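Structure record follows, encoded as structure tokens.
What follows draws every value from the coordinates through simple rules; no lab data is involved. Only a predicted model underlies this, so the values are computations on that prediction, with no experimental measurement involved. With ideal geometry, Cβ positions are generated from the backbone for all residues, glycine too; neighbour counts draw on all protein chains shown.
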Amino acid sequence: MSVHAALRNGTKSVFLRVEEAFDTPFGGQDNPLRHLGAMALYLLWIIVGSGLYLYTVLDTGIDAVYSSIGYLSNEQWYLGGVLRSLHRYASDGFMLVMLLHLVREWSYGRYFGFRLYSWMTGIPLIWLAYIAGIGGYWIVWDELAQLSATATTELLDWLPIFSEPSARNFLSPSALSDRFFTVLIFIHLGVPLLLILGLWAHVHRVSHVDYLPTRRVMLSTAAALTLLALFRPALSNPPADLATVPGALAYDWFILFIHPLTDLSSPAIVWSLLFGLTALLFALPLLPHARAQPIAVVDPANCTGCDRCHVDCPYAAITMAPHPGRPGLKLAVVDADLCASCGICAGSCPSSTPFRRRETLVTGIDMPQLPVNALRQQLEHALAQLAGRTRIVVFSCARGAEAAPLAAADTAVIDLICAGMLPPAFVEYALRGGADGVVVAACRGGGCDFRLGERWTSERLRGDREPHLRHNVPPSRLQLLLGSAHDSGALAAAVSELRTRIETLEVATDRLPPYLRSASHHA
Amino acid sequence: MLKPAAIVGQVILYGAFAAFIGYFATSPKYHQIPDDVALIKLSISHLGDRDCRKRTPEELAKMPPNMRAPMDCPRERSDIKLEVDLDGKDVLRTVMHPTGLYKDGVSTVYKRFEVKAGTHQLAVRMNDKLINPGFKFVQEEEITLAPRQVMVIDFNPDQGGLYFK
């Protein structure tokens, strides 16, 4: 294993453990660590909203800029002061969440293949976020702004981009004019607008985007930041005075860490670090990584153009085109660059039902590495082998809790690429084929490697999403477990619990009538 | 419905998130330079002189009447030699080159010197036409710097050349 792979796996392991620990109080959908992108977007909207108010009350005069912001904190603390603090703390939170998002996606190996576009478009956003953040501090024009402006221009001057040192603009108080702040605000509005545009591109090739976290997460985050704003309001340092060097300053380490880093090292080292890290992020997809899996294949003869795979695909890899052989009908078309090979489309296809009597089950859209026909054959073979008082079939996601050790004479285990590739009719087919109970093991809520597998599976089994599990399937014989790779114990407990429930509750009367595909329809 | 333990857990974790942000948004304090230190900023942006030559009457006579400029000045600017001494020790010896593809732009320098607050002897010498020996501009003064004071060494031909501010 390479150093990079070892580092990545180690980081992933830490993230997984912390996320799973967070699942206990938050639950999957409310777990902020599982929705860092949505959290960052939410914090950005707080920044934009509070920033609009700050913009309306800001006076861009060279002396007035400091006093107009100070007025908010001192006189209008209940509104302007809180909004100013929210603006600052949400910005810090944004930086923190953005970096966590970056490290998490890297550690989960989400930077190549169908995720390459999102990875590449995300990297420039980091630069834009820091440009906007650093520029925002200058607007206050206090000693911290002075330090940042001077240090930033000195850092920029190391690059051969200006004919005259830009730091000369901050040599003395007379070097500044009111127009400087007008330009600064123009930049501070323009760069975040570019950032928002970049974010649109960043999520452009993802469907069902989590633009915002859940309402509970939003309210809790807003409450936490508002309380912080009230108890520790963001205040200005003393006003800038270019004739002196600022003394000890209350310092924002989330955004302005680069200046102490430059003071400790040198501009050459800092630029080398920044450009080197950026180049490394861009080059990561070139490093050795897991081989791409075969993508979904459409069979025009069996595709009804129903649109469900198009709707359910987590990566917008499927589009609908006019069917070449059936006028008026549509045909699913898979974009090879976007397909994640998750099989969720096969699970959504109504033609994937195992009850079809054909000897070879050919569905509308299928995975070459695990076709629905092979899945049915595997199930039929397992059902034929099952013995014992209570026979259970476990359909398990290969990336979730490990189910293989549970295989026994009375327990069959069938691995899936993703739980989302399981057509719900397979549950009924198993029950009517001889199983007493079925366990479906998907990833934890919000923890699916393919984003939506566990969500679609839950909704389909509940009957809230097409194709749904038929209502005649008794809920007592079905157990859905949402568990991660560390939840093998929970899966074993779920199987055991289902077995006990079936054996003790005497629910034999709810057994579905048997179905034998090979028998004549009228037999 | 959330269990009480989950509510407590969430309160603790959201509180930790806010506390983490609140702390590192302002702390620990940053001291860019020690309190007993002052800063001298040397920042000069100046066009070096040109090596002009007076045209001879014969040369002028050969030129069209509307182009008979008495001086022939090349586009290129001279390098600028700069020396800074502090308390008798040389702290900077440099030659500034003109910017631009044709070497016709300004020559610039920007340096920071951190010095102990107090009285110092500062001498700056500059020559903007290197074909001439010596230094055309010299400024030497005893300066007294307060702690954290910023003193600027600049050049402005309209203000007599080099000056300390």
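Data for the structure
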{"quantity": "Peptide ranges A:382-390, A:129-137, A:188-196 listed from the most packed, as the mean C-beta count within 10 angstrom indicates", "calculated": "A:129-137, A:188-196, A:382-390"}
{"quantity": "Highest-first arrangement of A:173-179, A:108-114, where packing means the average Cβ count within 10 Å", "calculated": "A:108-114, A:173-179"}
{"quantity": "Residues B:Glu114, A:Glu19, sorted so that the one with the fewest Cβ neighbours within 10 Å comes first", "calculated": "B:Glu114, A:Glu19"}
{"quantity": "Segment B:Asn156-B:Tyr102, extension gain: residue separation times 0.36 nm, minus the distance between their alpha carbons", "calculated": "17.1 nm"}
{"quantity": "Nearest-0.05 FRET efficiency for A:His381 and A:Arg215, computed from C-beta distance (R0 35 Å)", "calculated": "0.15"}
{"quantity": "Under 5 Å, built H, 5+ apart or other chain: amide partners of A:Ala441", "calculated": "A:Phe395, A:Ser396, A:Cys397, A:Leu481"}
{"quantity": "Environment charge of A:Arg358, counting only residues whose C-beta is closer than 14 Å and scoring Lys/Arg +1, Asp/Glu -1", "calculated": "0"}
{"quantity": "Positive minus negative residues near A:Met98 (Lys, Arg vs Asp, Glu; Cβ under 14 Å)", "calculated": "-1"}
{"quantity": "Theoretical gain in end-to-end length, B:Glu76 to B:Asn132 [0.36 nm per residue, Cα-Cα removed]", "calculated": "18.6 nm"}
{"quantity": "Structure-based [θ]222 nm, the protein assembly as shown - -39500 (n - 2.57) summed over DSSP H runs of at least 4, per residue, nearest 500", "calculated": "-13000 deg cm²/dmol"}
{"quantity": "Stokes-Einstein D in µm²/s, Kirkwood radius over Cα pairs - segment A:297-510 at 37 °C with 0.692 mPa s viscosity", "calculated": "189 µm²/s"}
{"quantity": "Under 24 Å from the Cα of B:Lys165 - lysines, other chains or at least 8 residues apart", "calculated": "B:Lys41, B:Lys81, B:Lys89, B:Lys111, B:Lys116, B:Lys136"}
{"quantity": "Cα centroid separation - segment A:135-149 against segment A:381-416, whole Å", "calculated": "63 Å"}
{"quantity": "Computed FRET value (nearest 0.05) for A:Ala408 with B:Arg112, which takes r as the C-beta separation and R₀ as 60 Å", "calculated": "0.20"}
{"quantity": "Residues with amide H under 5 Å from that of A:Leu176, placed H, sequence gap 5 or more", "calculated": "none"}
{"quantity": "Mean projected area (nm²) of the alpha-carbon convex hull when segment A:230-274 is viewed from all directions", "calculated": "4.6 nm²"}
{"quantity": "Per-residue HN-Hα couplings for segment A:224-237 [Karplus 6.51, -1.76, 1.60; θ = phi - 60°; Hz; x = Gly/Pro]", "calculated": "4, 6, 5, 4, 4, 5, 6, 7, 9, x, 6, 10, 7, 7"}
{"quantity": "Loop-located chymotrypsin sites (Phe, Trp or Tyr not before Pro) in segment B:117-157, at most 16 other Cβ atoms within 10 Å (DSSP)", "calculated": "B:Phe135"}
{"quantity": "Chain A: angle of helix A:143-157 to the longest principal axis, Cα-based, in degrees nearest 10", "calculated": "80 degrees"}
{"quantity": "Angle in degrees between helix B:4-24 and the longest Cα principal axis of chain B, rounded to the nearest 10", "calculated": "30 degrees"}
{"quantity": "Span per principal axis, largest first, for the Cα atoms of segment B:1-126 (Å)", "calculated": "103, 47, 17"}
{"quantity": "Taking B:Ser27, A:Ser172 and counting other C-beta atoms within 10 Å, the order from fewest to most", "calculated": "B:Ser27, A:Ser172"}
{"quantity": "Candidate aspartates and glutamates for bridging to B:Lys3, where Cα separation is under 15 Å - those fewer than 8 sequence places away on the same chain excluded", "calculated": "A:Asp23, A:Asp30"}
{"quantity": "Hydrodynamic radius (Kirkwood) for segment A:74-225, which is based on Cα pairs only, to one decimal in Å", "calculated": "18.1 Å"}
{"quantity": "Over segment A:356-506, relative contact order from alpha-carbon pairs under 8 Å, at least 6 apart, %", "calculated": "23 percent"}
{"quantity": "A:Ser265/B:Arg53 FRET efficiency (R0 51 Å; Cβ-Cβ; nearest 0.05)", "calculated": "0.60"}
{"quantity": "Segment A:314-430: projected area of the alpha-carbon convex hull, averaged over directions, in nm²", "calculated": "8.5 nm²"}
{"quantity": "Cα centroid of segment B:25-102 to Cα centroid of segment A:1-46, whole Å", "calculated": "55 Å"}
{"quantity": "Between helix A:178-202 and chain A: long-axis angle, C-alpha atoms, 0 to 90°, nearest 10", "calculated": "10 degrees"}
{"quantity": "Residue-count net charge about A:Pro165 - beta-carbon cut-off 13 Å; Lys, Arg +1, Asp, Glu -1", "calculated": "0"}
{"quantity": "Kirkwood-type radius of segment B:79-165, with distances r between different C-alpha atoms, in Å", "calculated": "14.0 Å"}
{"quantity": "Sequence ranges A:453-464, A:425-436, ranked by mean other-Cβ count within 10 angstrom, highest first", "calculated": "A:425-436, A:453-464"}
{"quantity": "Hull volume in cubic angstrom per residue (convex hull over the Cα atoms of segment A:16-161)", "calculated": "162 Å³"}
{"quantity": "All Cα pairs of segment A:3-286, percent lying beyond 37 Å", "calculated": "17 percent"}
{"quantity": "Length-normalised contact order of chain A in % [C-alpha pairs under 8 Å, at least 6 apart]", "calculated": "12 percent"}
{"quantity": "Shielding by partners - mean other protein chain Cβ count within 10 Å, residues of B:109-118", "calculated": "2"}
{"quantity": "Other protein chain Cβ atoms within 10 Å, averaged over every residue that makes up A:164-172", "calculated": "5"}
{"quantity": "Hull shadow area, averaged, the protein assembly as shown [alpha-carbon convex hull, nm²]", "calculated": "44.9 nm²"}
{"quantity": "Per-residue Cβ neighbour rank within 10 angstrom, fewest leading, B:Lys81, B:Lys129", "calculated": "B:Lys129, B:Lys81"}
{"quantity": "From phi via Karplus (6.51, -1.76, 1.60), per-residue ³J(HN,Hα) for segment A:17-32 in Hz, x at Gly/Pro", "calculated": "5, 5, 4, 5, 5, 5, 4, 4, x, 8, x, x, 6, 9, 6, x"}
